[in-house]
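Student: Just passing along the structure, written as structure tokens.
Since every read-out is calculated from the coordinates, none of them should be taken as a lab result. Worth saying up front: this structure is predicted, and the values here are computed from it rather than measured. Counting neighbours? That spans all protein chains shown, and the Cβs are built from the backbone with ideal geometry, glycine included.
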Amino acid sequence: MIAFLFDQYKDYPAYLIALEFIAVVFGVISVLFAKKNNILVYPTGLVSTILFVYILYKFQLYGDLIINIYYSIMSFLGWYLWSKTKGGHEEFPISTISRKEFVISSLIFLITLTFVALIYYFFDKFTHWTAYVDALTTGLFFVGMWLMAKRKIENWIFWIIADIISIPLYFYKGLTFSSFQFILFTFIAILGYREWKKYLQKTI
């Protein structure tokens, strides 16, 4: 079983394996902070996403690379929005998505899907089923990250769906540690949704 899970690492440079492991650890820590509605989700997440930008570039996984560049940018935005206060209270507390935000989320998904498809087409990477799944998960993750920056509870739904899809996808791509990360992300996202829902029920 161990050989089946990690045999793909035998040809990888040791430094890339170490970087992936560090990125996974910080990614998990970041999601745990998100679950607790703690602003430290962003600085810890940035360590993970910046490392993954480099790792994914080396593996030529452009869709995933784009996701992590976007994560890094949105982390700075989320960090800023979560730190804003008004009258001694959070300016952007946990809330549900509005009709306008639903429309924006739909546009983000469609634009992202189209953009990633064009990137894959340009680099002639639409040669395998993983490219199509990659485009789908990129769209889902983009929406999830934007909704998290806005502190919308629905962000967890997008994370859960995309995380579940990513578990076998990353294992197939040869990134076993990352695959395990998405298993943890799925469980944490479910718990995060439940915790944010309890918070909303208390504030109603």
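Student: Rounded to the nearest 0.05, what FRET efficiency do Arg194 and Gln60 have when you use their Cβ-Cβ distance and R0 = 45 Å?
Tutor: Working: r = 38 Å, r/R0 = 0.84.
The computed FRET efficiency comes out at 0.75.
Student: If I model a spin label at Thr85 and Tyr15 as a point 7 Å from the Cα along the Cα→Cβ vector, what separation in nanometres do I get?
Tutor: 4.3
Student: Against the longest alpha carbon principal axis of the chain, how many degrees, from 0 to 90 and to the nearest 10, is the axis of helix 14-35 turned?
Tutor: 20
Student: Let me ask something else. Extension gain Gln201-Thr96, at 0.36 nm per residue separation less the Cα-Cα distance, in nm?
Tutor: Values: separation 105, 0.36 × 105 = 37.80 nm, distance 1.13 nm.
Net length gain for the segment: 36.7 nm.
Student: Pick from Trp156, Trp79, Trp146: which is most flexible by mean-square fluctuation in a GNM of the chain where alpha carbon atoms under 10 Å apart are linked?
Tutor: Judging by the Gaussian network model, the answer is Trp79.
Student: Would you order Tyr170, Tyr70, Tyr54 from fewest to most other beta-carbon atoms within 10 Å of each residue's own beta-carbon? Could the numbers behind the result be given before it?
Tutor: Numbers: Tyr170 22, Tyr70 18, Tyr54 14.
Exposure proxy ranking, most exposed first: Tyr54, Tyr70, Tyr170.
Student: In what sequence do Arg151, Arg99, Arg194 fall when counting other Cβ within 10 Å, fewest first?
Tutor: Arg99, Arg194, Arg151
Student: Roughly how tilted is helix 99-122, in degrees to the nearest 10 and between 0 and 90, from the longest Cα axis of the chain?
Tutor: It works out to around 20 degrees.
Student: Taking Cα atoms, how many degrees apart are the long axis of helix 62-83 and the longest axis of the chain, rounded to 10 and kept between 0 and 90?
Tutor: Approximately 20 degrees, to the nearest ten.
Student: Here's something else I'd like to know. Please report the relative contact order for segment 13-203, taking Cα pairs under 8 Å with a sequence separation of at least 6, and give it as a percent rounded to a whole number.
Tutor: Details: 247 pairs, mean separation 43.7, N = 191.
Normalised by residue count, the contact order of segment 13-203 is 23 percent.
Student: Counting each DSSP H run of 4 or more residues in the chain as -39500 (n - 2.57), what helix-only mean residue ellipticity at 222 nm follows after dividing by all residues, to the nearest 500 deg cm²/dmol?
Tutor: Details: 8 runs with 159 residues, N = 204.
Counting only the DSSP helices, I get -27000 deg cm²/dmol.
Student: Right, another one. Restricting to lysine pairs 8 or more places apart or on different chains, what number in the chain have Cα atoms under 20 Å apart?
Tutor: Close lysine pairs found across the chain: 29.
Student: Under a Cβ-Cβ cut-off of 14 Å, what is the net charge of the residues other than Trp146 that fall near it, where Lys and Arg count +1 and Asp and Glu count -1?
Tutor: On the way: positive: Lys100, Lys150, Arg151, Lys152; negative: Glu101, Glu154.
Counting the neighbours of Trp146, the net charge comes to +2.
Student: Continuing with the same structure: Measuring from centroid to centroid over Cα atoms, what is the spacing of segment 47-73 and segment 90-135 in Å?
Tutor: After rounding, the separation between the Cα centres reads 15 Å.
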